[in-house]
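Working notes, beginning with the structure itself.
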Amino acid sequence: MSYLIEPPHYKPLLNAAETEQGIKVIKEFFADNLSTGLRLRRVTAPLFVRRGLGLNDDLSGTERAVTFPIKDLGDARAEVVHSLAKWKRLTLAEYAVAEGYGIYTDMNAIRADEELGNLHSLYVDQWDWERVIAPADRTIDFLKKVVRCIYEAMLRTEYLVCERFPQLHPQLPERLTFLHAEELRQRYPSLSSKERENAIAEELGAVFIIGIGGPLGDGKPHDLRAPDYDDYSSPSSLPWPGLNGDLLVWNAVLGRAFELSSMGIRVDREALLRQLRESGKDDRQQLYFHQRLLNGTLPLSVGGGIGQSRLCMYYLQKAHIGEIQASIWPDEMRSRCRELGIPLI
């Protein structure tokens, strides 16, 4: 089911040519800042992987991957990636990347089960990144350090974009606030998790919510996470567990919270076994990726994804992700967008 947010009195601040120029500036400048700040080198990534190896990200566990048979492999199935959360960690091992350094890539994916609308498309493009860490780095303080580095790159990019296009105005606050999902639940006990995100993003402008995937005080997770990449159950320096989180900003055009990035310290052997057991996914231990991790042949790492079209949409103050990327939309959505003055590509 598709869903369209209709911002009142919307008028694009950039025309089509300026929008394309803005997309180019953002993607080039931010990627350079990200790689410099986190000491990452660019690598080439796959669009699809072999089915049955445990390499594809299964997101919340319910989304179907786009699959196809490979003729020259006896019709063995391949899957179009959802993201590269696990592939990146294998690549760190294959490239023997040193501690304190990492990789990033331009990830392109197809998510056929997305609910299409202003924020979600069938086509996903993001900077997927992963960095090797030491055992001592598996802390909430180290995670915050990484998040701040990424946020500073976002601030620098916003400054450049607003200098290039004076009709745009800065939106990001100078300071990013960190809150655990349990703190957020206690702050807004009568709201759903999405309503809490809207409330805190409007209040603070930008927030990193820690602890996505593990049960909170009411026994429910803030949001779902696959059990085999982010470590959402490890104890941290806070009273509640979780070594991962989402970076949200307030989107004034749409009047709602807007997720730009999801990241986390990845599972070690102990956390993988615990989270597979708790989620009822113990059978995954036999898959290739999981065997590599359990056998100690993958490095400890921190990593995440940053939405490319999302970031461009935010900086260029667009109402629909279809103003940034070409995709397929329901006919009624295209028609309604034309009526609202939202020019979908």
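Remarks
- Residues that are touching a residue at least 40 places away in the same chain (Cβ under 8 Å), more than 18 Å from Asn56 (Cα to Cα) and part of a helix (DSSP H, G or I), drawn from segment 241-298: Ala271, Arg274, Glu278
- Some residue of segment 272-279 being closer than 19 Å to Ala199 by Cα and surrounded by 21 or more Cβ atoms within 10 Å (Cβ to Cβ): no
- Of all residues in segment 320-332 being at pLDDT 95 or above and not in a loop (DSSP other than H, G, I, E, B), the one that is farthest from Leu119 (Cα to Cα): Glu323
- Among the criteria (1) out of contact with any helix residue (DSSP H, G or I) (no Cβ under 9 Å at 6 or more places or on another chain); (2) closer than 30 Å to Leu273 by Cβ; (3) free of Cβ contacts under 8 Å to residues at least 40 places away in the same chain, the one Asp331 does not fulfil is (2).
- Single unsatisfied condition, Glu182 versus (1) surrounded by fewer than 21 Cβ atoms within 10 Å (Cβ to Cβ); (2) farther than 26 Å from Glu63 by Cβ; (3) touching a Gly at 6+ places or on another chain (Cβ under 8 Å): (1)
- Flag for Ser327 being more than 16 Å from the chain's Cα centre (by Cα) and more than 21 Å from Trp127 (Cβ to Cβ): no
- Search result, residues across segment 191-212 that are outside any strand (DSSP E or B) and without any contact (Cβ under 8 Å) to a residue 40 or more places away in the chain: Leu191, Ser192, Ser193, Glu195, Arg196, Ala199, Glu203, Gly211
- Residue match in segment 238-249 (condition: closer than 24 Å to Tyr101 by Cβ and of a type in the set (S, T, N, Q)): yes
- Any hit, segment 202-214, residues being within 27 Å of Leu172 (Cβ to Cβ) and among the charged types (D, E, K, R): yes
- Meets criteria (within 25 Å of Pro7 (Cα to Cα), modelled with pLDDT under 95 and surrounded by 14 or more Cβ atoms within 10 Å (Cβ to Cβ)) for Leu122: yes
- Selection of segment 204-254 for residues being surrounded by fewer than 21 Cβ atoms within 10 Å (Cβ to Cβ) and charged (D, E, K, R) yields Asp218, Lys220, Asp223.
- Selection within segment 219-240 - part of a loop (DSSP other than H, G, I, E, B), of a type outside the set (D, E, K, R) and free of Cβ contacts under 8 Å to residues at least 60 places away in the same chain: Gly219, His222, Pro227, Tyr232, Ser233, Pro235, Pro239
- Just so you know, in segment 1-44 the residues that are small (Gly, Ala, Ser) and farther than 13 Å from Asp106 by Cβ include one that is surrounded by the most Cβ atoms within 10 Å (Cβ to Cβ), and it is Gly22.
- Residue match in segment 302-316 (condition: without any contact (Cβ under 8 Å) to a residue 40 or more places away in the chain and either of a type outside the set (Lys, Arg) or surrounded by fewer than 23 Cβ atoms within 10 Å (Cβ to Cβ) (or both)): yes
- Among the residues here, Ala85 does not qualify as buried (at least 18 other Cβ atoms within 10 Å of the Cβ), without any contact (Cβ under 8 Å) to a residue 40 or more places away in the chain and not acidic (Asp, Glu).
- Qualifying residue in segment 62-74 (condition: in contact with a strand residue (DSSP E or B) (Cβ under 9 Å, 6 or more places away or on another chain) and under 23 Å from Asn295 (Cα atoms)): no
- Thr105 being of a type in the set (Val, Ile, Thr) and either surrounded by fewer than 14 Cβ atoms within 10 Å (Cβ to Cβ) or free of Cβ contacts under 8 Å to residues at least 24 places away in the same chain (or both): no
- Condition met for Leu155 (touching a residue at least 60 places away in the same chain (Cβ under 8 Å) and of a type outside the set (Val, Ile, Thr)): no
The values are calculated or read from the model by the stated rules, or taken from the named source; none is laboratory data. Nothing here was measured: the structure is a model prediction, and the numbers come from that model. In this analysis, Cβ positions are derived from the backbone assuming ideal geometry, glycine residues included, and neighbour counts consider all displayed protein chains.
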